[in-house]
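Asker: One structure follows; several queries about it will come next.
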Amino acid sequence: MADFSMFDLTGKSALVTGGAVGIGRACAVALAQAGADVAIVDIDEKTGTATADEIKAMGRRSLFVKCDVTAKDQVERAVAQVVETFGKLDIGVNNAGIAILGADEEIPQAEWDKVIAVNLTGTFLCAQAEGRQMMRQSPVEGKIINIASMSAQIANCNASYDASKAGVVHMTRTLAVEWGRCNINVNCISPSYVLTPMHASTPVEVRQRIRETTPLGHVERPEDLYGAVVFLASDASNYVTGHDLVVDGGHTLNAWLAPLSREVPPRVSPEEESVQMRRDLDKLQIPYDKDGVNEDLHPEIATAFKQAFNL
Ligand SMILES: NC(=O)c1ccc[n+]([C@@H]2O[C@H](COP(=O)([O-])OP(=O)(O)OC[C@H]3O[C@@H](n4cnc5c(N)ncnc54)[C@H](O)[C@@H]3O)[C@@H](O)[C@H]2O)c1
């Protein structure tokens with residue numbers, strides 16, 4: 001009989017940045033389902049506290065820590081607070097990230113700086129504070145998981161976002177090489193278009209185009225990342241480090257311009273795709289239409305897609 005206890009996270013202590021909603025919340029829920037205690041580290045106190053309560057309702061320990069990942073002192077305090085509560089830190093998921101759309105020939109430097117500060121510098125500061133903690137405790141070891149993006153490999157959003165994510169992927173490799181000596185695995189996960197509040201302004205026509213050009217045939221949901229994050233957080237990945245685990249339904253592999261054909265329906269229906277996003281928008285008290293779209297949330301995304309698709 002195979003022994004799959006290697007995926008069990010019972011007794012492990014984790015933190016997830018940007019864990020209030022979206023992909024971060026999904027990572028937190030997955031880690032808690034696998035047995036871990038999980039701290040929610042976010043700038044959004046109200047929603048982050050609600051997510052921490054949700055983790056507690058699953059029978060795990062949790063806490064909310066207010067922290068802006070771009071501020072080194074706040075990041076260090078956040079890690080210290082998690083360790084004070086849980087006694088140690090085994091798993092750090094560095095997920096907080098933003099996108100600011102805009103034409104690269106015009107984007108103000110302040111917007112470039114902000115995206116790099118949150119996505120790249122923030123991820124580094126978190127990994128640094130987590131790594132130092134993991135090196136201090138006994139036994140010395142840990143799992144650091146950075147959330148990158150398909151945008152690290154392809155041109156997608158704009159230069160600041162894509163460059164920040166490419167930076168996350170390569171920083172992950174460098175830290176993996178440096179910290180392997182301490183049995184600290186550093187990996188990243190690259191999702192494609194995930195229906196989170198970040199994507200609530202994406203028009204339905206675009207979602208349909210994503211379905212048609214993605215081999216597995218549906219738009220990615222936060223819960224499609226559950227398996228990847230538990231794998232990289234658990235003993236099952238003990239010999240995996242510096243890896244970029246692309247979870248995209250095959251989206252970035254496909255260069256066909258025509259819609260892909262299908263033999264069977266996708267595993268996930270259009271209605272099921274947006275369940276977690278609607279739940280997050282409800283928690284954030286953000287309204288949306290019957291299709292789960294709110295163009296006013298990220299008007300720049302809605303406008304860019306409408307122009308590109310002649311909508
Ligand atoms: N949604 C997608 O399609 C997609 C695809 C690939 C990668 N990603 C990446 O996944 C991560 C999460 O994306 P999401 O779609 O869940 O985003 P989201 O906007 O839905 O949620 C982001 C969370 O991060 C928090 N946050 C933002 N700035 C922060 C800061 N400075 N410090 C601490 N917390 C902060 C927010 O309060 C929020 O809770 C990001 O790094 C994003 O770039 C998203």
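The values are calculated or read from the model by the stated rules, or taken from the named source; none is laboratory data. These figures come from a predicted structure and were not determined experimentally. Glycine gets a Cβ as well: all are built from the backbone with ideal geometry, and neighbour counts include every protein chain shown.
Asker: Do we have Val177 as in contact with a Phe, Trp or Tyr (Cβ under 9 Å, 6 or more places away or on another chain) and at negative phi here?
Answerer: Considered against the rule, which asks whether it is in contact with a Phe, Trp or Tyr (Cβ under 9 Å, 6 or more places away or on another chain) and at negative phi, Val177 comes out as no.
Asker: Taking the residues in region 29-61 that are among the small types (Gly, Ala, Ser) and either within 15 Å of the ligand (Cβ to nearest atom) or touching a Pro at 6+ places or on another chain (Cβ under 9 Å) (or both) as candidates, determine which candidate is farthest from Ser234 (Cα to Cα).
Answerer: Among those residues, the one meeting the criterion is Ala50.
Asker: Test Val219 against the stated conditions and say whether it is closer than 15 Å to Pro191 by Cβ and β-branched (Val, Ile, Thr). Full working, then the answer.
Answerer: Numbers: closer than 15 Å to Pro191 by Cβ: yes; β-branched (Val, Ile, Thr): yes.
So Val219 passes the test.
Asker: Here's something else I'd like to know. Restricting the search to region 13-28, which residues are near the ligand (Cβ under 9 Å from one of its atoms) and more than 22 Å from Ala117 (Cβ to Cβ)?
Answerer: The answer is Arg25, Ala26.
Asker: Quick one: how many residues across region 270-285 are more than 14 Å from the ligand (Cβ to nearest atom) and either of a type in the set (Val, Ile, Thr) or touching a residue at least 24 places away in the same chain (Cβ under 8 Å) (or both)?
Answerer: Of the residues in region 270-285, 3 are more than 14 Å from the ligand (Cβ to nearest atom) and either of a type in the set (Val, Ile, Thr) or touching a residue at least 24 places away in the same chain (Cβ under 8 Å) (or both).
Asker: Which of the residues that make up region 55-69 are surrounded by 17 or more Cβ atoms within 10 Å (Cβ to Cβ) and under 28 Å from Ser5 (Cα atoms)?
Answerer: Selection gives Ile55, Arg60, Ser62, Leu63.
Asker: Considering only residues of region 83-99 that are within 14 Å of the ligand (Cβ to nearest atom) and crowded, with 18+ Cβ neighbours inside 10 Å, which is modelled with the lowest pLDDT?
Answerer: Ala99
Asker: Could you tell me whether any residue of region 252-264 is buried (at least 20 other Cβ atoms within 10 Å of the Cβ) and of a type in the set (Lys, Arg)?
Answerer: The first filter runs over region 252-264 and keeps only residues buried (at least 20 other Cβ atoms within 10 Å of the Cβ), leaving none.
Looking through region 252-264, none of the residues is buried (at least 20 other Cβ atoms within 10 Å of the Cβ) and of a type in the set (Lys, Arg).
Asker: Output yes when any residue across region 11-24 is farther than 29 Å from Glu273 by Cα, surrounded by fewer than 16 Cβ atoms within 10 Å (Cβ to Cβ) and modelled with pLDDT of 95 or more, and no when none is.
Answerer: So the first thing to find is which residues in region 11-24 are farther than 29 Å from Glu273 by Cα, and the list is 11-13.
From the residues that got through so far, the ones that are surrounded by fewer than 16 Cβ atoms within 10 Å (Cβ to Cβ) too are 11.
Those still in the list that are modelled with pLDDT of 95 or more too: 11.
Scanning region 11-24 turns up at least one residue that is farther than 29 Å from Glu273 by Cα, surrounded by fewer than 16 Cβ atoms within 10 Å (Cβ to Cβ) and modelled with pLDDT of 95 or more.
Asker: Tell me, yes or no, whether region 118-126 has at least one residue that is away from the ligand (no atom under 13 Å from the Cβ) and either in contact with a His (Cβ under 6 Å, 6 or more places away or on another chain) or not hydrophobic (A, V, I, L, M, F, W, C) (or both).
Answerer: no
Asker: Here is a further query. Hey, can you tell me all the residues within region 211-231 that are surrounded by fewer than 22 Cβ atoms within 10 Å (Cβ to Cβ) and either at pLDDT below 95 or hydroxyl-bearing (Ser, Thr, Tyr) (or both)?
Answerer: Thr213, Tyr226
Asker: Using the structure shown, decide if Glu54 is of a type in the set (Asp, Glu) and in a helix (DSSP H, G or I).
Answerer: yes
Asker: Also: Please work out which residue is surrounded by the most Cβ atoms within 10 Å (Cβ to Cβ), limiting yourself to region 100-135 and to residues that are modelled with pLDDT of 95 or more and small (Gly, Ala, Ser).
Answerer: Of everything passing the filter in region 100-135, Gly122 is surrounded by the most Cβ atoms within 10 Å (Cβ to Cβ).
Asker: Right, something else. Search region 29-54 for residues that are within 13 Å of Ser13 (Cα to Cα) and pair each with any residue that is modelled with pLDDT of 95 or more and surrounded by fewer than 17 Cβ atoms within 10 Å (Cβ to Cβ) when their beta-carbon atoms are under 6 Å apart and the residues are at least 6 apart or on different chains.
Answerer: Note: pairs meeting the criteria are Ala32/Met58; Gly35/Asp8; Gly35/Thr10; Asp37/Arg61.
Asker: I'd like to verify a number: residues in region 103-157 that are in a helix (DSSP H, G or I), touching a Lys or Arg at 6+ places or on another chain (Cβ under 6 Å) and farther than 22 Å from Ala71 by Cα, how many?
Answerer: Residues in region 103-157 being in a helix (DSSP H, G or I), touching a Lys or Arg at 6+ places or on another chain (Cβ under 6 Å) and farther than 22 Å from Ala71 by Cα: 2 in total.
Asker: A follow-up question, please. How many residues does region 249-269 hold that are part of a loop (DSSP other than H, G, I, E, B), in contact with a Leu (Cβ under 9 Å, 6 or more places away or on another chain) and within 22 Å of Ala155 (Cα to Cα)?
Answerer: Of the residues in that region, 3 qualify.
Asker: Shifting gears a bit: Conditions: (1) surrounded by 20 or more Cβ atoms within 10 Å (Cβ to Cβ); (2) β-branched (Val, Ile, Thr); (3) touching an Asp or Glu at 6+ places or on another chain (Cβ under 7 Å). Val204 meets all but one. Number of the miss?
Answerer: Result: Val204 fails condition (1) only.
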